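The next block holds one structure in the form of structure tokens; read it before the comments.
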Amino acid sequence: MGAGDLSAALWQERRQLELLLFRLETQRLHAHAGNVQWLNFTASEVEGVLDRLRFEALASGVESAAVAAEWGLPAQATLVELVAAAPPGAWPEVLQEHLESLQELLRQLSDAARANEDTLRRLPPPVPPGSSPRVADTAGDLDQLTTAGNIERALAVTRRTTQPLLAHYLGGKRD
């Protein structure tokens, strides 16, 4: 373990964040186009990336703790602290580049999640306002309920895309 392993883990985490951003943008485009039938699939894709991202975050956390110990820092040192403590050479610059890229990705993810929520909330309700839900006894009723479920699932998954632990690791505050 060492700074090279930490850098490799941070690269993997960056790739998953980029993929998450792509999946969110895909979801928003489908919602804009009125393709609500695909929202269930886009939500599944976002969930898959979130699962992989949790694994990558764990891996980079392990590598970060090892590097922190090697450089005389506490195991929970932030990336900002690691950059400051890095020995002379390439590591301060490499880790700083990771820090800046990860911060930018988090900003983009926050913007994308906000845009997705706004777009999903603006979709016309599948059940007319004021009507009470009833047991679906026709194909049309079932389609309306399915559409409502797809929209709700997409909203719920979109809300889960925040990365407070990563933001804290990057030197921000933990929410």
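The values are calculated or read from the model by the stated rules, or taken from the named source; none is laboratory data. Just so it is clear, the model here is predicted, and its values are computed rather than measured. Quick reminder, even Gly has a Cβ in these numbers, built from the backbone with ideal geometry, and neighbours come from all protein chains shown.
Say whether the condition of being assigned to a helix (DSSP H, G or I), farther than 19 Å from ILE151 by Cα and more than 19 Å from the chain's Cα centre (by Cα) is met by at least one residue in the stretch 48-63. Among the residues of the stretch 48-63, at least one is assigned to a helix (DSSP H, G or I), farther than 19 Å from ILE151 by Cα and more than 19 Å from the chain's Cα centre (by Cα), which makes the answer yes.
In the set LEU24, LEU6, LEU58, only one residue is under 14 Å from GLN163 (Cβ atoms) and surrounded by 20 or more Cβ atoms within 10 Å (Cβ to Cβ); that residue is LEU24.
Here's the yes/no breakdown for (1) at pLDDT below 75; (2) aromatic (Phe, Trp, Tyr); (3) within 25 Å of SER44 (Cβ to Cβ); (4) within 21 Å of the chain's Cα centre (by Cα):
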{"position": "GLU97", "(1), (2), (3), (4)": "no, no, no, yes"}
{"position": "ARG107", "(1), (2), (3), (4)": "no, no, no, yes"}
{"position": "ASN116", "(1), (2), (3), (4)": "no, no, yes, yes"}
{"position": "THR138", "(1), (2), (3), (4)": "yes, no, no, no"}
{"position": "LEU142", "(1), (2), (3), (4)": "yes, no, yes, no"}
{"position": "THR146", "(1), (2), (3), (4)": "no, no, yes, no"}
{"position": "ILE151", "(1), (2), (3), (4)": "no, no, yes, yes"}
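TRP11 falls short of the stated requirement of being assigned to a helix (DSSP H, G or I) and modelled with pLDDT under 95.
Does at least one position in the stretch 54-61 carry a residue that is of a type in the set (Lys, Arg) and touching a residue at least 12 places away in the same chain (Cβ under 8 Å)? Among the residues of the stretch 54-61, not one is of a type in the set (Lys, Arg) and touching a residue at least 12 places away in the same chain (Cβ under 8 Å), which makes the answer no.
So that you can scan it fast, the table gives a plain yes or no per residue for (1) of a type in the set (D, E, K, R); (2) touching a helix residue (DSSP H, G or I) at 6+ places or on another chain (Cβ under 7 Å):
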position	(1), (2)
VAL36	no, yes
PHE41	no, no
SER44	no, no
GLU47	yes, yes
LEU79	no, yes
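Going through (1) modelled with pLDDT under 95; (2) hydrophobic (A, V, I, L, M, F, W, C); (3) surrounded by fewer than 18 Cβ atoms within 10 Å (Cβ to Cβ) one by one, LEU123 falls short only on (3). Scanning the stretch 91-112 for residues that are touching a helix residue (DSSP H, G or I) at 6+ places or on another chain (Cβ under 8 Å) and within 24 Å of VAL157 (Cβ to Cβ) yields a count of 6.
Here is a yes/no grid of residues against (1) at pLDDT 95 or above; (2) hydrophobic (A, V, I, L, M, F, W, C); (3) in contact with a Cys (Cβ under 9 Å, 6 or more places away or on another chain); (4) at negative phi:
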| site | (1), (2), (3), (4) |
| --- | --- |
| GLN16 | yes, no, no, yes |
| LEU20 | yes, yes, no, yes |
| GLU25 | yes, no, no, yes |
| VAL36 | no, yes, no, yes |
| ASN40 | no, no, no, yes |
| GLU47 | yes, no, no, yes |
| ASP51 | yes, no, no, yes |
| SER60 | yes, no, no, yes |
| SER64 | yes, no, no, yes |
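Identify the residue in the stretch 153-175 that is under 23 Å from SER60 (Cα atoms) and among the hydroxyl-bearing types (Ser, Thr, Tyr) and, among all such residues, is modelled with the lowest pLDDT. My answer is THR162.
When each of ALA86, ALA115 is tested for being touching a Pro at 6+ places or on another chain (Cβ under 6 Å) and either buried (at least 19 other Cβ atoms within 10 Å of the Cβ) or touching a residue at least 24 places away in the same chain (Cβ under 8 Å) (or both), the lone residue that passes is ALA86.
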